[in-house]
Amino acid sequence: MTSWIICILLGAITFTSTASGKKNVLFFAVDDLRPEINAYGVDFIKSPNIDALASKSMLFERAYCQIAVCSPSRASLLTGRRPDTNHVWQIAADEYWRTVPDATNATTIPQYFKENGYLSIGMGKIFHPGAPSGNDDRMYSWSPEGLPYFHGKEDSSIAKHAAWYSFDEPDNKRVDGQIADNAVSVLQQIKKNRTEGDDRPFFVAVGFHKPHLPFYCSSKYYDLYPSIEDTKLPENPDAPTGMPDIAFSIWKELKGYSDIKAIVNETLCDIDADASIHGKECHVPDNKMKELRRAYYSCVSFTDAQIGRVIKELDAQGFADDTIIVLWADHGWQLGEHNEWCKHTNFEDATHVPFLLHVPGVTDNGMTTKALVELIDIFPSLTELAGLEVPPMCTKNSPTSIACVEGSSVVPLLSNPNAQWKKGSFSQYPRPSTQGLPEIPGKPPFDPSDKGESVMGYTVRTDKYRFTEWYRFNRITSTPNFNEIWGTELYDHSSPTVFFNDENVNLATESEMKPVVDELRQLLQAGWREALPPTN
């Protein structure tokens, strides 16, 4: 399709059957989903419903989160503000962006749609539940006359707090099955309301928990995959050569499960003068690693089935032609690569995410782009596609602005997927954090008063490289000290070999790479504003 035709379609995108002339939005969030799915070229994953959505969407091959942990990543995406603007870096009761010191009180995506005449309804894990989000940001983000916010619940006591378990039960015995049931009911209710005169467009957000730990789902999804014996191990199971210690996560999230506690020496894993923090003393045995990898894949297929049910109902109620669908994951996940598990790092595996955008009449034949994009781009993109006024770009001194964004709309990529775009995407992660190292050999101890954010690792992912530098960090001013460096990493992604196998050697100390280090350090320290797409 030529660019001028797509431009015409984009210009006409807001002409719909609703009285307001606005597109509906179906907003899928998936927890811990890395882009290791069929639509991204990994053919052993059974994800037919996500694949079907991808076949009529723009698939962003290189999308990245801003921080690889649930609460701050979601806060960033949903407010359009980066973690250092929100002052949200961890999952903590005192890191709710509306109440932290120097709070932004930023407008969220569902709030913005609600304030622009939409019926805004949420369910499942959209924000991080509980205090870190002010209990799903319910006072602000969701329509008070809408259906009650739905979470669901399940009894998994039979699993005895193991990291994985297969149940011989229907899907709606699990929380994500209940969330899918609720989404179906919501779409049916909206259709009923329209027959009674409520013709408002809708913003419906559906957040699925799996494949987040624990890996619990019906045995029928486990049966989609080869036996544990035939499950492949990661091809890069060792920490990158030359990796600074501060880059490593000790994956406490996984160690909390009963079957992992029984086989991993947690004391040695944390740190010990006579043991490597990321070596054999802190390694999940191969058979258990295979169990966990197969269980993760099974939960991906379980979530895929729930997504399929919701999209099927969207079509059944006659909303498909008038509804933008976006699907994203809050961050990636590590399945034993580099001897890492969970997220909590700045590695590619933890920050690279799936991101799909379906726009009726525009992306119906499927599109892909290799442009570097970020989850923070979703806010301005959805508002532009829905025909709303796009919030302005935040200025450097506008942390208290109610509605502004720090990302770029991806709409121009729909007319030219090969357009010159961002110079890099930006991510970060704090140390020590609850998933980091309690101390770093050769470095001063962390200050407990810094609440686990004494050092911040900042990453820029460019076309060829992933560059990370770790700096002392001032939590109060939300600023790094570029003169105090705790570690430097440079990984070459110019010639990828196999999926999730690109960061085996830290090149930062190699003399011939100094010009690259200097160039990327300058880009990293200049920050995301200097890497935005060109304006024309």
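Tabulated data
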quantity	calculated
Sequence-separation-based contact order of the chain, relative, with Cα cut under 8 Å and 6+ spacing, percent	23 percent
Under 15 Å, Cβ to Cβ, from Q189 - net charge with Lys/Arg +1 and Asp/Glu -1	-2
Net charge dipole size for the chain [Lys, Arg +1 and Asp, Glu -1 on Cβ; Debye, nearest 20]	1100 debye
Extension gain, A316 back to N483 (0.36 nm per residue minus Cα-Cα distance, nm)	54.3 nm
Isotropically averaged projected area of segment 81-141, using the convex hull of Cα atoms (one quarter of hull area), nm²	4.1 nm²
Calculated over segment 136-252: convex hull of Cα atoms, volume per residue (Å³)	207 Å³
Exposure rule at most 16 other beta-carbon atoms within 10 Å, DSSP loop GluC sites (Glu not before Pro): the chain longest free segment	236-388
Flagged links, alpha-carbon separation over 21 Å, of K160/K343; K160/K288; K191/K312; K125/K192; K153/K232	K160/K343; K125/K192; K153/K232
Cα centre as origin, Lys/Arg/Asp/Glu Cβ charges: segment 399-536 dipole, Debye	360 debye
The chain - mean residue ellipticity at 222 nm from DSSP helices (-39,500 (n - 2.57) per run, n ≥ 4, rounded to 500)	-7500 deg cm²/dmol
Fraction of antiparallel bridges per DSSP, the chain only, in percent to nearest 5	50 percent
Percent carbon-and-sulfur accessible area, segment 320-451, ignoring ligands, DNA and RNA, probe 1.4 Å	51 percent
Tail beyond 16 Å, pair distance distribution of segment 326-369 (Cα, percent)	48 percent
Accessible area of the chain divided out per residue, in Å², using a probe of 1.4 angstrom	38 Å²
Among G436, N287, M58 - extreme Cα towards positive end, dipole of the chain, charges at beta-carbon	M58
Inverse of mean 1/r across different Cα pairs in segment 321-460, Kirkwood, Å	17.8 Å
Computed over segment 19-60, Cα set: Rg, Dmax in Å	13.3, 44
Packing rank of 363-373, 125-135, where each peptide gets the mean count of other beta carbons within 10 Å, highest leading	125-135, 363-373
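The values are calculated or read from the model by the stated rules, or taken from the named source; none is laboratory data. Computed from a prediction, not measured in an experiment: that's the story for all the values here. A quick note on method: Cβ atoms are made from the backbone with ideal geometry, for glycine too, and the neighbour counts reach across all protein chains shown. Just so you know, the surface numbers come from the protein's heavy atoms only, side chains and all, with ligands and any DNA or RNA stripped out. Shrake-Rupley method; radii C 1.70, N 1.55, O 1.52, S 1.80 Å.
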